[in-house]
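A.B. asks: Let me begin by handing over the structure; questions about it come next.
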Amino acid sequence: MYWADKLAEEIIKRNPNKAEYVCAAGISPSGSVHIGNFRDVVTSFFVCKALIKKGRKAKLLFSWDEFDRMRKVPKNVQDFLKNDSFEKYLGYPYIDVPDPFGKADNYADYFEKEFMQSIQKFGIKMEYRYQAKEYRSGRYKEHVLFALQKRKEIFDVLDKHRTQIATEEERENYYPVAIYCPKCHKDTTKINSLSADCKKATYSCQCGHSGQFDFTKDYNCKLQWKVDWPMRWMVEGVDFEPGGKDHASKDGSYDTAKDISSKIFGYPAPLFQGYEFIGIKGSVSVGKMSGSSGLNMTPEFLLKLYEPEVILWLYAKTEPLKAFDFCLSEDILRQYYEFDRMFASYDEGTATELTQCIIENCCIPDRKLAHVPMSQLVDLGAVVNFNADMMEKLFAKIGTPYKKIEFMERFEKAKFWLTTCSPESENKLMPCRNWEYYQTMTEKERQAVKLLKEYLQNTKYTLDSLQAELYAIPKQIYPEIVEDKNALKTVQGKFFKDIYNLILARDKGPRLYLYLFALERENFIHLLDFSISMQEDSAYLQWQRKQKELEKVDEIVCEEKFVANPIDFKGLSSVEVFQTLDMRVCKILSAKVMKKSNKLVKLTVHDGKGERVIVSSIANDYTEEELTGKKVVVLLNLPPHKFGNEYSHGMVLAAVNEDGKSKLLFTTPDSEIGSCIH
């Protein structure tokens, strides 16, 4: 049974006669709402849909916890303001903090609108609650008074979920509410005394202000989180609410709130579902994503890469306690392919019951998808310089006549991904003949290239005939191995590799027959023509001179940008030498085998502060997939060293076995990125 259906059945079983079920979610607008918190919304959304599918009435209730205190200034706010002036608002409720960008009524309003605008694109409809309004309207007045009357019982419940031993003095001085100071606007207040009827209190603030607070008419106060949460369950009649796995741990927020809900407020806690955090593959994001950290992987950003249906699909097909990645790497193309394949089985009526549930959860009303292959849009988009009209003609030319209206949305996302996340994947034609690679080829391999060039130049080929010729040419060159399938496959693979290198300067690329057919012949045929000598090739000689000039500029820029602190071993004891080594845990964000190299790999790592590139000679020992996402030990404080066209800013540590193979020093998954090796 589908996971959302199981949860829906459990909700109904708990309260079978309820007129309307409430599925809740909530977020504090501490900054841009990130895609990890979005799981809070979609988990409740899918369960709400499952209840409705079972013939029950249900609603999705979303709470903006804008009455929470501001704890940290997000990086994007700091970067925008370019100073620390916003630190003065720490301790304010978000609703009272001004909008740093000057576009909204206040800080909370800015980030709320930012999120709600993106939510509309998913077809998710919610009933919103704004907690500053709820508190300050007096709606919770009686519940605040009740919590104050039950403050010692609440303390006892909280104490059962703590490890440290509480004193009677702590119990006596515990108050489950924080008062916002009318002078400094912060929650840096302390209740000094409370009347016997719990209606009035005296308080003092760290700013020096002191006064009296009447809970029957003063509403600028807020219950503590673990009391506020169950109080709102009771007020709204919540039946289901998910939360991050940290809330779901033993004696965590939910365990505590559940006891307060039942023992203090007399309301059975709603069904709770913990969920795993979301990862970003190929991103600079590290660890748990946070809206206040500056790693703003928001739904709005991901909508530039993914169709909203694909985002919903990733959440829908993954059980809440399982993790998955959004991919800024080439894996995004695999995700699109799997989505299209699953959707096709649904349309064809061959999908399993589980697949049907998944697809139904990611369908958005009034939207129809054409499922134009994302990989083709990426591979061929550069051929037409991402011109939609030309792309439409190209699709017609290769026998898949998609119209602009069908592919335009994905076309823009393909362009954004290629130019923003993976520019190295763009298939750009060589500006001149690749003499460096040509010189490494055998005479027979060169003869095969000559045959292809003559065929392309002198034949009016079709897509099918070109594909057939690409596989036939190696048979002409190596007739003696035609019957040996394995040997033939090897030489055909080498032939394809040669063509890719001669026109794209890489070992692999898009489907060769499709790519060559899509290209205008005059744009690439000269790259296969080696009838002149290298000394006669003015275009190549000019390009070579430019490359050398660029390398000199790169060296100057590198020397100016990176001020290394090289290690001086003279006069140092062994311990002192070790202490000079800045070795840290780094996460490999991406790994790419370098062009024109048999053993070098370009590693993009995160060292806890930012990205850096490290070049390592481990291409023969590890695949790109085996390296990406792993944590390794890196020696950071080495001067930059150039390998080919790349500067390496550090060195990964490895053991070398007797057979010459390197074994990297991988760390455990829970090692913190940027932590020092002592």
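The values are calculated or read from the model by the stated rules, or taken from the named source; none is laboratory data. Note that this is a predicted model, so its numbers are computed, not measured. Backbone-built Cβ (ideal geometry, glycine too); neighbour counts: all protein chains shown. Only protein heavy atoms, including side chains, enter the accessible area calculation; ligands, DNA and RNA are left aside. Shrake-Rupley method; radii C 1.70, N 1.55, O 1.52, S 1.80 Å.
A.B. asks: Looking only at the range 253-271, which residues are over 19 Å from Ser63 (Cβ atoms) and free of Cβ contacts under 8 Å to residues at least 40 places away in the same chain?
C.D. replies: Of all residues in the range 253-271, those over 19 Å from Ser63 (Cβ atoms) come to 255, 259, 262-264, 266, 268.
Result: Ser262, Gly266.
A.B. asks: Can you report the number of residues in the range 3-19 which are open to solvent by 10 Å² or more (accessible area, probe 1.4 Å) and touching a residue at least 40 places away in the same chain (Cβ under 8 Å)? Give the steps one after another, and end with the answer.
C.D. replies: Pass one, the range 3-19, residues open to solvent by 10 Å² or more (accessible area, probe 1.4 Å): 3, 5-7, 9-10, 12-19.
Filter once more, keeping what is touching a residue at least 40 places away in the same chain (Cβ under 8 Å): 3, 5, 7, 9-10, 12, 14-15, 18.
Residues meeting the conditions: 9.
A.B. asks: Which residues, counting only those in the range 356-366, are in a helix (DSSP H, G or I) and open to solvent by 40 Å² or more (accessible area, probe 1.4 Å)? Spell out the reasoning first.
C.D. replies: Of all residues in the range 356-366, those in a helix (DSSP H, G or I) come to 356-362.
Once the filter is applied, which keeps residues that are in a helix (DSSP H, G or I) and open to solvent by 40 Å² or more (accessible area, probe 1.4 Å), the range 356-366 yields Gln356, Glu360.
A.B. asks: Next question, about the same structure. Take the range 242-252 and flag every residue that is touching a Phe, Trp or Tyr at 6+ places or on another chain (Cβ under 9 Å) and open to solvent by less than 20 Å² (accessible area, probe 1.4 Å).
C.D. replies: Pro242, Gly243, Gly244
A.B. asks: Is it the case that Ser137 is buried (at least 16 other Cβ atoms within 10 Å of the Cβ) and among the polar types (S, T, N, Q)? Please lay out each step first, then the result.
C.D. replies: Values: buried (at least 16 other Cβ atoms within 10 Å of the Cβ): no; among the polar types (S, T, N, Q): yes.
Against the criterion (buried (at least 16 other Cβ atoms within 10 Å of the Cβ) and among the polar types (S, T, N, Q)), Ser137 does not qualify.
A.B. asks: Quick check on Val42: is it closer than 30 Å to Glu10 by Cβ and touching a residue at least 12 places away in the same chain (Cβ under 8 Å)?
C.D. replies: Values: closer than 30 Å to Glu10 by Cβ: yes; touching a residue at least 12 places away in the same chain (Cβ under 8 Å): yes.
Criteria met by Val42.
A.B. asks: Would you pick out the residues in the range 603-657 that are at pLDDT 85 or above, assigned to a strand (DSSP E or B) and open to solvent by 60 Å² or more (accessible area, probe 1.4 Å)?
C.D. replies: Met651
A.B. asks: I want to confirm something. Restricting to the range 122-140 and keeping residues that are among the basic types (Lys, Arg) and outside any helix (DSSP H, G or I), which single residue is farthest from Tyr203 (Cα to Cα)? So that I can check it myself, show each step before the final result.
C.D. replies: Of the residues in the range 122-140, the ones among the basic types (Lys, Arg) are 125, 129, 133, 136, 139.
Of the ones still in play, those that are also outside any helix (DSSP H, G or I) are 125, 129, 139.
Numbers: Lys125: 42, Arg129: 29, Arg139: 23 Å.
Of everything passing the filter in the range 122-140, Lys125 is farthest from Tyr203 (Cα to Cα).
A.B. asks: Only one of these is in contact with a Lys or Arg (Cβ under 8 Å, 6 or more places away or on another chain), closer than 20 Å to Ser375 by Cα and hydrophobic (A, V, I, L, M, F, W, C): Met408, Met391. Name it. Even if it seems obvious, please write down each step before you answer.
C.D. replies: Details: Met408 fails: in contact with a Lys or Arg (Cβ under 8 Å, 6 or more places away or on another chain).
Step by step, each of Met408, Met391 is checked, and only Met391 is in contact with a Lys or Arg (Cβ under 8 Å, 6 or more places away or on another chain), closer than 20 Å to Ser375 by Cα and hydrophobic (A, V, I, L, M, F, W, C).
A.B. asks: Give all pairs with beta carbons closer than 7 Å in which a residue from the range 372-393 that is touching a residue at least 24 places away in the same chain (Cβ under 8 Å) and at positive phi meets a residue that is surrounded by fewer than 21 Cβ atoms within 10 Å (Cβ to Cβ) and not aromatic (Phe, Trp, Tyr); count only pairs at least 6 apart in sequence or on separate chains.
C.D. replies: Partner pairs satisfying both residue conditions: Phe386/Lys415.
A.B. asks: For the range 459-518: of the residues being in contact (Cβ under 8 Å) with a residue 40 or more places away in the chain and among the small types (Gly, Ala, Ser), which is farthest from Glu330 (Cα to Cα)?
C.D. replies: Ala518
A.B. asks: Looking at the range 163-192, which of its residues are more than 18 Å from Gln224 (Cα to Cα) and modelled with pLDDT of 95 or more?
C.D. replies: Once the filter is applied, which keeps residues that are more than 18 Å from Gln224 (Cα to Cα) and modelled with pLDDT of 95 or more, the range 163-192 yields Pro182, Lys183, Cys184.
A.B. asks: Given the criteria more than 20 Å from Ala448 (Cα to Cα), in contact with a helix residue (DSSP H, G or I) (Cβ under 6 Å, 6 or more places away or on another chain) and outside any loop (DSSP other than H, G, I, E, B), does Tyr540 qualify?
C.D. replies: Numbers: more than 20 Å from Ala448 (Cα to Cα): yes; in contact with a helix residue (DSSP H, G or I) (Cβ under 6 Å, 6 or more places away or on another chain): yes; outside any loop (DSSP other than H, G, I, E, B): yes.
Spelling it out, Tyr540 is indeed more than 20 Å from Ala448 (Cα to Cα), in contact with a helix residue (DSSP H, G or I) (Cβ under 6 Å, 6 or more places away or on another chain) and outside any loop (DSSP other than H, G, I, E, B).
A.B. asks: Go through the range 589-602 and count every residue that is open to solvent by less than 40 Å² (accessible area, probe 1.4 Å) and over 17 Å from Cys327 (Cα atoms). First the steps, then the outcome.
C.D. replies: Filtering the range 589-602 down to residues open to solvent by less than 40 Å² (accessible area, probe 1.4 Å) leaves 589-591, 594, 597, 600-601.
From what's left, over 17 Å from Cys327 (Cα atoms): 594, 597, 600-601.
Result for the range 589-602: 4.
A.B. asks: Of everything in the range 388-397, what is touching a helix residue (DSSP H, G or I) at 6+ places or on another chain (Cβ under 9 Å) and open to solvent by 40 Å² or more (accessible area, probe 1.4 Å)? Give them in sequence order. Let's see the steps before the verdict.
C.D. replies: We begin by selecting, within the range 388-397, every residue touching a helix residue (DSSP H, G or I) at 6+ places or on another chain (Cβ under 9 Å); these are 388-395, 397.
Asp389, Met390, Glu392, Lys393, Lys397 - these are the residues of the range 388-397 that are touching a helix residue (DSSP H, G or I) at 6+ places or on another chain (Cβ under 9 Å) and open to solvent by 40 Å² or more (accessible area, probe 1.4 Å).
A.B. asks: Further, regarding this structure: Quick check on the range 217-241: of everything there that is crowded, with 24+ Cβ neighbours inside 10 Å, within 29 Å of the chain's Cα centre (by Cα) and not acidic (Asp, Glu), which residue is nearest to Tyr180 (Cα to Cα)?
C.D. replies: Trp229
A.B. asks: Another question, then. Of all residues being small (Gly, Ala, Ser) and open to solvent by less than 20 Å² (accessible area, probe 1.4 Å) in the range 20-57, which is farthest from the chain's Cα centre (by Cα)? Just the residue, please. Break it down into steps so the answer makes sense when it comes.
C.D. replies: Of the range 20-57, the ones small (Gly, Ala, Ser) are 24-26, 28, 30-32, 36, 44, 50, 55.
Now restrict to residues that are open to solvent by less than 20 Å² (accessible area, probe 1.4 Å): 24-25, 31-32, 36, 44, 50.
On the way: Ala24: 24, Ala25: 21, Gly31: 17, Ser32: 14, Gly36: 8, Ser44: 21, Ala50: 27 Å.
Across the range 20-57, the extreme among qualifying residues is Ala50.
A.B. asks: May I pose another question? Sort through Glu392, Glu424, Glu412, Glu469 and tell me the only one that's under 40 Å from the mean Cα position of the chain (by Cα), among the acidic types (Asp, Glu) and under 21 Å from Leu512 (Cβ atoms). Write out each step before concluding.
C.D. replies: On the way: Glu392 fails: under 21 Å from Leu512 (Cβ atoms); Glu412 fails: under 21 Å from Leu512 (Cβ atoms); Glu469 fails: under 40 Å from the mean Cα position of the chain (by Cα).
Within the list Glu392, Glu424, Glu412, Glu469, the selection yields Glu424.
A.B. asks: On the given criteria, is Asp214 open to solvent by 40 Å² or more (accessible area, probe 1.4 Å), more than 26 Å from Gly252 (Cα to Cα) and of a type in the set (Asp, Glu)? Working first, answer last.
C.D. replies: On the way: open to solvent by 40 Å² or more (accessible area, probe 1.4 Å): no; more than 26 Å from Gly252 (Cα to Cα): yes; of a type in the set (Asp, Glu): yes.
No: the conditions fail for Asp214.
A.B. asks: Here is a further query. Taking the range 93-130, which residues are over 24 Å from the mean Cα position of the chain (by Cα), under 30 Å from Cys362 (Cα atoms) and open to solvent by less than 50 Å² (accessible area, probe 1.4 Å)?
C.D. replies: Asp109, Met126, Arg129
A.B. asks: Something else about it: For the condition at pLDDT 90 or above, open to solvent by less than 30 Å² (accessible area, probe 1.4 Å) and either hydroxyl-bearing (Ser, Thr, Tyr) or more than 29 Å from Glu469 (Cβ to Cβ) (or both), what is the one hit in Cys558, Cys586?
C.D. replies: Details: Cys558 fails: at pLDDT 90 or above.
Unique residue meeting the criteria: Cys586.
A.B. asks: Is it true that Thr350 is open to solvent by 50 Å² or more (accessible area, probe 1.4 Å), under 23 Å from the mean Cα position of the chain (by Cα) and without any contact (Cβ under 8 Å) to a residue 12 or more places away in the chain?
C.D. replies: Details: open to solvent by 50 Å² or more (accessible area, probe 1.4 Å): yes; under 23 Å from the mean Cα position of the chain (by Cα): no; without any contact (Cβ under 8 Å) to a residue 12 or more places away in the chain: yes.
When the stated conditions are applied, Thr350 does not pass them.
A.B. asks: If you don't mind, another one. Are any residues in the range 320-343 assigned to a helix (DSSP H, G or I), surrounded by 13 or more Cβ atoms within 10 Å (Cβ to Cβ) and not hydroxyl-bearing (Ser, Thr, Tyr), and if so, which ones? Lay out the reasoning, then the answer.
C.D. replies: Narrowing the range 320-343 to residues assigned to a helix (DSSP H, G or I): 331-343.
Keeping just the survivors that are surrounded by 13 or more Cβ atoms within 10 Å (Cβ to Cβ) gives 331-340, 342-343.
Asp331, Ile332, Leu333, Arg334, Gln335, Glu338, Phe339, Asp340, Met342, Phe343, listed by residue number.
A.B. asks: Now for a separate question. Quick one: which helices (runs of 4 or more DSSP H) sit completely within the range 25-119 and have at least 1 residues that are closer than 26 Å to Ala248 by Cβ, of a type outside the set (Lys, Arg) and modelled with pLDDT under 95? Show your work before the answer.
C.D. replies: Details: elements: 38-53, 75-81, 107-119.
Output list reads 38-53, 107-119.
A.B. asks: Would you mind telling me which numbered condition in (1) assigned to a loop (DSSP other than H, G, I, E, B); (2) modelled with pLDDT of 90 or more Lys596 fails?
C.D. replies: (2) is the only condition that Lys596 fails.
A.B. asks: Continuing with the same structure: Inside the range 498-507, can you point out the residues that are touching a helix residue (DSSP H, G or I) at 6+ places or on another chain (Cβ under 6 Å) and either open to solvent by 10 Å² or more (accessible area, probe 1.4 Å) or part of a loop (DSSP other than H, G, I, E, B) (or both)?
C.D. replies: Asn501, Arg506, Asp507
A.B. asks: In addition: Out of everything in the range 658-667 that is at pLDDT 85 or above and assigned to a loop (DSSP other than H, G, I, E, B), what residue ends up being surrounded by the fewest Cβ atoms within 10 Å (Cβ to Cβ)?
C.D. replies: Filtering the range 658-667 down to residues at pLDDT 85 or above leaves 663-667.
Now restrict to residues that are assigned to a loop (DSSP other than H, G, I, E, B): 665, 667.
Numbers: Leu665: 15, Thr667: 18.
Of everything passing the filter in the range 658-667, Leu665 is surrounded by the fewest Cβ atoms within 10 Å (Cβ to Cβ).
A.B. asks: Also, quick follow-up: Would it be correct to say that Thr400 is closer than 30 Å to Ala4 by Cβ, in contact with a helix residue (DSSP H, G or I) (Cβ under 9 Å, 6 or more places away or on another chain) and either among the basic types (Lys, Arg) or surrounded by fewer than 14 Cβ atoms within 10 Å (Cβ to Cβ) (or both)? Working first, answer last.
C.D. replies: Numbers: closer than 30 Å to Ala4 by Cβ: no; in contact with a helix residue (DSSP H, G or I) (Cβ under 9 Å, 6 or more places away or on another chain): yes; either among the basic types (Lys, Arg) or surrounded by fewer than 14 Cβ atoms within 10 Å (Cβ to Cβ) (or both): yes.
Answer is no for this residue.
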